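Only one structure is covered here, and it is reproduced in the block below.
The values are calculated or read from the model by the stated rules, or taken from the named source; none is laboratory data. Bear in mind the structure is a predicted one, so any value in this text is a computation, not a measurement. As a convention, Cβ positions derive from the backbone with ideal geometry for all residues, glycine included, and neighbour counts pool all protein chains shown. We work out accessible area using only protein heavy atoms, side chains counted, and drop any ligands, DNA or RNA first. Shrake-Rupley method; radii C 1.70, N 1.55, O 1.52, S 1.80 Å.
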Amino acid sequence: MQKLVIDKPDFKYEDYINTLLMLDNNDPEIHMIYGLKFMTPFIGVLIASYLNSQKFKVTSEISPEGEKSSNYAEFINFFHFVENSKNVDERNTTYSGTCTPIMKSIMVDYYRGQENISEKISRKISKVISCDNSDVESVFFYIISELIRNIPEHSHSFDAWHSSQYWVHEEYIESEIALVDYGIGYRESFNFKEDRQLVNDVEAMEFALQPGVTSGITKRSHLRENEEEEYLNSGYGLYMITELCKKFKGKYVIISKSAIATNKKISFLDNGGSFPGTAIKIRLQVPKNLTKEKFQKTISDIAKEGEELSKSISGAFNIASTKSKSLRLE
């Protein structure tokens, strides 16, 4: 039986990844000692989804330090998924309060159009973490829907693991969104489309964060019946989101296989590790007085800058999709 200690703060996410990757799949029995004083969505969904997807058989022990956050961890389904429980009745499926629980959403029914499963999930999450501020909600809906639709469109996976949390401050709402999938990652996605043959995951990450590079279906004639031109994929999503992080005093962590991107740099994971998919953390500070109109101007300006930048990138798509550069102002 293997031993797994969960007691590091959230900024030690690379340590957690290294620890998870060092687990022996030939020895599925794990005794987990939970010792976190405070759990964040990214750490929760990262550990829970990995242990669950790798089908480890986990028993949990809560240390005295872990008792400070164990009720929260249980509330957000952490132990449920870590222990691979088959009792779906014990699973928290509510989208209310200050967080949304760890969930695995199946996206086989995704299509490119309004009210698809990506938008339905994103709407539920953004409503919660905006603290019922409809203008702030538009920011989170934009970001989450862009991230989630990348999974069925690029990853060759239809399982979206996600969780979120918000904290209210005097002048802004701070929210964290965490998303994990166990798909093919950015490099294989590029190589599969045969647009580029990239040497390693860092090179793929560098391309993925540029505008117009990760475009998927860009022609109306390639859409299926009842799909909408607005949802053509121009490859601006990750570029737009990382730029929005800069605008809203945010931080991001994007991991794809052996590459990791943060606000500061793009590099290989420590110790030569390779995560078996993609993991994303976005944390933003959105002013309470932000209006949808101001946000529309912000994303329009970012898209315009991206379109100009894309002209200097070989093979990039030079026009952002309608979905990437506009809101439906309701």
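General observations
- Karplus 3J(HN,Hα) series, Hz, for segment 203-209 with 6.51 cos²θ - 1.76 cosθ + 1.60 (x for Gly, Pro): 4, 5, 5, 4, 5, 4, 8
- Dipole magnitude of the chain, debye to nearest 20 (Cβ charges: Lys/Arg +1, Asp/Glu -1, about Cα centre): 520 debye
- If you take all other residues with their beta carbon under 12 Å from the beta carbon of Phe79, and give Lys and Arg +1 and Asp and Glu -1, the sum is -3.
- Tilt relative to the chain, helix 41-53 - C-alpha long axis, 0 to 90 degrees, to 10: 70 degrees
- Interchain or long-range residues, amide H under 5 Å from Leu209's placed H: none
- Heavy-atom surface analysis with a 1.4 Å probe gives segment 81-148 a carbon and sulfur content of 47 percent of its accessible area.
- Accessible solvent surface per residue of the chain, calculated while the other protein chains remain in place, 1.4 angstrom probe, Å²: 45 Å²
- Here's how it looks for Gln165: its modeled amide H is under 5 Å from those of Thr100, Glu176, which are all 5 or more places away or on a different chain.
- Modelled spin labels at Asn191 and Glu305, positioned 7 Å past Cα toward Cβ, are 3.3 nm from each other.
- Entry note, the chain: relative contact order of 15 percent, from Cα contacts under 8 Å with a spacing of 6+ residues.
- Cross-link pairs Lys3/Lys55; Lys3/Lys265; Lys3/Lys104; Lys127/Lys281; Lys37/Lys281 - those with Cα-Cα distance over 23 Å: Lys3/Lys265; Lys3/Lys104
- Highest-fluctuation residue, Gln285, Gln165, Gln114 considered, GNM on the chain with Cα pairs under 10 Å: Gln114
- Within the listed set Ser157, Ser256, Ser126, the residue fluctuating most in the Gaussian network model of the chain (springs between alpha-carbon atoms under 10 angstrom) is Ser157.
- Cβ-derived FRET efficiency at R0 22 Å, Lys3 paired with Asn26, nearest 0.05: 0.90
- Taken along the Cα-to-beta-carbon direction at a fixed 7 Å, the label points for Ser63 and Lys249 span 3.3 nm.
- Simple point charges give the picture: +1 on the Cβ of Lys and Arg, -1 on the Cβ of Asp and Glu, and for segment 236-313 a dipole about the Cα centre of about 360 debye.
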